[in-house]
Ligand SMILES: CC(C)(COP(=O)(O)OP(=O)(O)OC[C@H]1O[C@@H](n2cnc3c(N)ncnc32)[C@H](O)[C@@H]1OP(=O)(O)O)[C@@H](O)C(=O)NCCC(=O)NCCS
């Protein structure tokens, strides 16, 4: 089975939420926080990653009874290309054969599209 998920996040609203450190710790992997903080506009990168989380939820929701916010996260390859990573816990529950993610942020919004193939 192969499915696509998409989500869009309002960056300004998101930036307010991320003022709380507890919010960042709850939703993001340390690698994502470090990547965002190294840039001039951390909020746009984290908003896109939040959108990716929601997109993953859309795809995997039907397969799982529970999904932790930190069961998936994004790392960037040397050329900037984002790649999805999944927790061991999630991979024990769902057999993910292939995944792909694309992010964009411009002005007020950040979007993510995720494709996941499950065996
Ligand atoms: C990828 C690219 C099209 C981004 O376009 P953009 O309109 O400036 O920015 P967008 O907001 O639409 O997209 C940004 C996202 O593109 C993604 N991206 C960056 N490089 C990418 C690549 N090589 N392949 C796929 N996606 C890429 C990232 O996820 C980035 O968001 P993030 O930094 O939060 O992870 C542009 O940067 C590009 O042409 N890059 C080519 C590779 C390159 O020049 N790399 C430089 C470092 S070696």
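The values are calculated or read from the model by the stated rules, or taken from the named source; none is laboratory data. Everything numeric in this text was worked out from a predicted model, so none of it was measured. Every residue, glycine among them, receives a Cβ derived from its backbone with ideal geometry; neighbour counts consider all protein chains shown.
Structure values in brief
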{"item": "Residue match in region 1-14 (condition: under 12 Å from residue 116 (Cβ atoms), part of a helix (DSSP H, G or I) and in contact with a strand residue (DSSP E or B) (Cβ under 9 Å, 6 or more places away or on another chain))", "result": "no"}
{"item": "Given (1) at pLDDT below 95; (2) closer than 23 Å to residue 12 by Cβ; (3) surrounded by 16 or more Cβ atoms within 10 Å (Cβ to Cβ), index of the condition residue 67 fails", "result": "(2)"}
{"item": "Helices (runs of 4 or more DSSP H) completely within region 20-119 that count 2 or more residues being within 11 Å of the ligand (Cβ to nearest atom) and touching a residue at least 40 places away in the same chain (Cβ under 8 Å)", "result": "30-37, 42-60"}
{"item": "For residue 33: the one exception among (1) within 22 Å of residue 113 (Cβ to Cβ); (2) buried (at least 19 other Cβ atoms within 10 Å of the Cβ)", "result": "(1)"}
